[in-house]
């Protein structure tokens, strides 16, 4: 694991199944995120998408359980997956599952009446993070180190932007409407981006530094 998590070339069907489940989880996360943001930005009635969000998020949770079951079975019965690979898979599926949880937190803001439709920057953020979810999925599937590093740089920039948004509201520098809702939304989006960067870090960082990008830059060693 000295140079990051590589894609297996063994052609093992179970590993390919795990990779397919991870891609499905990413896709479902994006669906939940898009639906949640449609409530905050497009005036969609949260009740009209409640069922789809619930079912899709449950599928993400089941995907996490599937991956863990497959890893345990494969490691104990077949014994063909290296321990470092098991640790990486276990870690990143938790990150992917958490993305859906924070997307549901965004839905809850919309349910409670937060309306961000009049803030153009939030529409841009929705588009960028939607794309970041897709790009992270593709980059992980390809184990594309160069692309991962580029996305990690942008991820750091976004984390910093979210912190500035919250600080500006807390200090009273930004007194526009929905301050509490915008501060909470910024925190939830920050966590989504942080979990995406955790996945990307698996491609470029050694195992002992997995989740390295989940820390604020000044706290990284």
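The values are calculated or read from the model by the stated rules, or taken from the named source; none is laboratory data. The shown structure was predicted, so the numbers you read here are calculated from the model rather than taken from an experiment. Note: ideal-geometry Cβ built from the backbone for every residue, glycine included; neighbour counts use all protein chains shown.
What to note about this one:
- Complete set of residues in the range 60-74 that are touching a helix residue (DSSP H, G or I) at 6+ places or on another chain (Cβ under 7 Å) and surrounded by fewer than 16 Cβ atoms within 10 Å (Cβ to Cβ): 61
- Scanning the range 142-159 for residues that are in contact with a helix residue (DSSP H, G or I) (Cβ under 8 Å, 6 or more places away or on another chain) and in a helix (DSSP H, G or I) yields 145, 147, 148, 149, 151, 152, 154, 155, 156, 158, 159.
- Subset tally (residues that are more than 15 Å from the chain's Cα centre (by Cα) and at pLDDT 95 or above) for the range 180-213: 5
- Test: residue 116 is outside any helix (DSSP H, G or I) and crowded, with 17+ Cβ neighbours inside 10 Å: yes
- Verdict on residue 111 being on the phi > 0 side of the Ramachandran plot, over 13 Å from the mean Cα position of the chain (by Cα) and touching a residue at least 40 places away in the same chain (Cβ under 8 Å): no
- Take the conditions (1) surrounded by 13 or more Cβ atoms within 10 Å (Cβ to Cβ); (2) at pLDDT 95 or above; (3) part of a helix (DSSP H, G or I); residue 55 misses just one of them, which is (1).
- Evaluated against (1) modelled with pLDDT under 90; (2) farther than 18 Å from residue 200 by Cα, residue 66 falls short on exactly one condition, (1).
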